[in-house]
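Structure first, commentary second.
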Amino acid sequence: MKSFTAVETTAIYMLQGKGAMWYGEKLEQHMELEAGDFLYIPEGMPHMPYNPSDSESSTAIIARTDPNEQEDVLLLPELEELWKKASRP
């Protein structure tokens, strides 16, 4: 999984399956989404989205306010390390 932040806002609508996301300055918050859920991610919010299922796919519509959104993504590997340490038993 990759942790990142973006300079634009993001809107996500889950079409099918489930999704989940760690978010917050230190990825300390968690949320789960299912079909029909809408999610707004404000500009600059560190987040790490993922599919919580090993066997089922998920489909979502994602819209961002910046047409160059991939160029403006900032990867945050230091948060990935925090998450890996916190998720170990």
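Rule-based calculations on the coordinates, nothing more; no lab input. Owing to the predicted nature of the structure, the values given are computational and were not obtained by experimental measurement. Ideal geometry is used to build each Cβ from the backbone, glycine not excepted, and the neighbour counts take in all protein chains shown.
Counting Lys and Arg as +1 and Asp and Glu as -1, what is the net charge of the other residues whose Cβ lies under 12 Å from the Cβ of Y13? Residues near Y13 contribute -2 overall.
Taking loop as defined by DSSP and a crowding limit of 15 other beta carbons within 10 Å, which GluC sites (Glu not before Pro) in the stretch 14-67 fit? In loop regions of the stretch 14-67 (DSSP not H, G, I, E or B), the sparsely surrounded GluC sites (Glu not before Pro) are E25, E28, E43, E56. Site pair S57 and F38 shows an inter-label distance of 2.6 nm when each label is modelled 7 Å from Cα along Cα→Cβ. Taking 7 Å steps out from each Cα toward its Cβ at D66 and A11 produces label points 1.9 nm apart. Electrostatic tally near P52: other residues with Cβ closer than 12 Å to its Cβ, Lys and Arg +1, Asp and Glu -1, net -3.
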